[in-house]
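All remarks here apply to the structure that follows.
The values are calculated or read from the model by the stated rules, or taken from the named source; none is laboratory data. Every value quoted in this text rests on a predicted model; they were computed, and no experiment measured them. Virtual Cβ from ideal backbone geometry, glycine too; neighbours counted across all protein chains shown.
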Amino acid sequence: MIAYKLFRQLKSGEITSLFINKNERLRVGKWIEAKCYETKGFKKRPFWHCTEKPSAPHLTEKNRVWKRVEIDEYFELKRPNNQGGKWYLAKFLKIIE
């Protein structure tokens, strides 16, 4: 399944997650299993959060980049339109571009 994910982009061009475990650099073209990192101020999130299209108006795009991703072992989650509409919560993710 193809979806989209917003990542933080470093000056080096490397990408990381937006909030959870954001010090880990993520590699393009490699399957990455979602892990649960308990982070103060955030709910427990044991999945990759992706969207149906590259849109999540409630999130800033400054120093961030949308990437097309392939996901596996996922389920759909209906979100308000101002949060991008349909989201997917996935166990596995591969950044494809």
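Could you pull out the residue among 86, 35, 62 that is in contact with an Asp or Glu (Cβ under 8 Å, 6 or more places away or on another chain), modelled with pLDDT of 90 or more and not β-branched (Val, Ile, Thr)? Matching residue, one of 86, 35, 62: 86. Residue 33 meets each of the listed conditions (1) touching a residue at least 40 places away in the same chain (Cβ under 8 Å); (2) in contact with a Lys or Arg (Cβ under 6 Å, 6 or more places away or on another chain) apart from (2). In region 8-25, the residues that are in contact (Cβ under 8 Å) with a residue 60 or more places away in the chain and under 23 Å from residue 41 (Cβ atoms) form Cβ pairs under 7 Å with partners that are surrounded by 14 or more Cβ atoms within 10 Å (Cβ to Cβ) and of a type in the set (S, T, N, Q), at six or more places apart or across chains, as follows: 15/9.
Scanning region 1-43 for residues that are part of a strand (DSSP E or B) and in contact with a Pro (Cβ under 8 Å, 6 or more places away or on another chain), we see that the one that is farthest from residue 86 (Cα to Cα) is 6. Taking the listed residues 90, 56, the one that is in contact with a helix residue (DSSP H, G or I) (Cβ under 8 Å, 6 or more places away or on another chain) and either over 22 Å from residue 36 (Cα atoms) or crowded, with 16+ Cβ neighbours inside 10 Å (or both) is 56, with no other qualifying. The residue that is nearest to residue 2 (Cα to Cα), among those in region 62-93 that are touching a strand residue (DSSP E or B) at 6+ places or on another chain (Cβ under 7 Å) and not in a strand (DSSP E or B), is 84.
Kindly indicate the residue of region 10-20 that is touching a Ser or Thr at 6+ places or on another chain (Cβ under 8 Å) and surrounded by fewer than 16 Cβ atoms within 10 Å (Cβ to Cβ) and also modelled with the highest pLDDT among those meeting that condition. Once the filter is applied, the top-ranked residue is 10.
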